[in-house]
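Worksheet: the structure to be examined is printed underneath.
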Ligand SMILES: Nc1ncnc2c1ncn2[C@@H]1O[C@H](COP(=O)(O)OP(=O)(O)OP(=O)(O)O)[C@@H](O)[C@H]1O
């Protein structure tokens, strides 16, 4: 489903070029649940952004469902992100002036879906994350765990096959973090959504079926079910 071939990322800094990701080959199959681990600054978020087309590599290619992201123009890449990928962030990134229902329906509204379709899908999603009674609340009226569940519902609005989560449990206590991990696992197992989650928490990573470890911009380990792959 996702193929990274010799993908690298170099940032041009005043002090000179800085390599955030050294050339890496990573293949992610449909329906996998992957954790990307590594110390702070090792390149985890950079890798996630390349997979999701939020950024383009300096070298190599990223292909999702056979589509090479570097061959898309800006408009096509925006459409790709909006329809094929769901993004979840550590700080939820909900819009504070919009209700839960409006936040969840945002991508559909941007894609010009009808009001009735949006209402039906939002209801379905909020049931899925067990927040059907919070439809008219504003994000500030919810707990962190609830806000993250809204963010996950929002990410799923366009029925993407791929969910990318950057430290989704990073701001949550153990029990709220646990419920987010269970939700991601259920979406992965029951709805066959491919999940790629960045985390530095080994407990969170244990929810995944495969753990890719990065250090200093280099993939140093790729482990599945306790057995090493590379
Ligand atoms: N836009 C940018 N411009 C310059 N340098 C960047 C940029 N984005 C990331 N970097 C650098 O690339 C390296 C990798 O950053 P990245 O955010 O991928 O790390 P990370 O493993 O996700 O870290 P953390 O766990 O702290 O979030 C860091 O040294 C960072 O400073």
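Coordinate-derived values only; no laboratory data. Because the structure is a prediction, the values reported are computed rather than measured. We place every Cβ from the backbone using ideal geometry, glycine too, and count neighbours over all the protein chains shown.
Things to note:
- Debye log10 I(q)/I(0) for segment 113-189, one point scatterer per Cα, at q = 0.12, 0.17, 0.22, 0.27 Å⁻¹: -0.33, -0.67, -1.09, -1.45
- Rounded, prolate or oblate (a/c below 1.5 giving rounded, otherwise prolate when a/b exceeds b/c) for segment 178-230 by Cα gyration tensor: prolate
- Relative to the longest principal axis of the Cα atoms of the chain, the long axis of helix 174-191 makes an angle of roughly 90 degrees.
- Rg(Cα) / (2.2 N^0.38 Å) computed for the chain, rounded to two decimals: 1.01
- Distant alpha-carbon pairs in segment 100-143 (separation over 11 angstrom), percent: 64 percent
- By DSSP, the beta bridges lying fully in the chain are antiparallel in about 55 percent of cases.
- Put in order of Cβ neighbour count within 10 Å, fewest first, the listed residues 47, 95, 131 become 95, 131, 47.
- Compactness ratio for segment 59-151: Cα radius of gyration over 2.2 N^0.38 Å (N = residue count) comes to 1.25.
- A helix-only calculation puts the chain at -10500 deg cm²/dmol for mean residue ellipticity at 222 nm, using -39500 (n - 2.57) for each DSSP H run of at least four residues, averaged over all residues.
- Inter-site label distance for residue 109 and residue 40 at 7 Å from Cα along Cβ, in nm: 3.6 nm
- The length gained by stretching the chain between residue 173 and residue 185 to full extension, at 0.36 nm per residue less their Cα-Cα distance, is 2.5 nm.
- 98, 197, 37 arranged by Cβ crowding within 10 Å, fewest neighbours leading: 98, 37, 197
- Over all Cα atoms in segment 58-108, the spread is summed up by Rg and Dmax: 14.2, 41 Å.
- Between residue 133 and residue 83, the C-beta separation translates, for a Förster distance of 41 Å, into a calculated FRET efficiency of about 0.90.
- Where labels lie 7 Å past Cα in the beta-carbon direction, separation of residue 10 and residue 93 in nm: 2.7 nm
- Over segment 9-116, the reciprocal of the mean inverse Cα-Cα separation, the Kirkwood hydrodynamic radius, stands at 16.3 Å.
- Residues 9, 22, arranged from fewest to most other Cβ atoms within 10 angstrom of their Cβ, appear as 22, 9.
- Tensor-based shape of segment 142-230 (alpha-carbon gyration tensor, a/c under 1.5 rounded, otherwise prolate or oblate): prolate
- Radius of gyration (Cα atoms) of segment 14-64, expressed as a multiple of 2.2 N^0.38 Å: 1.24.
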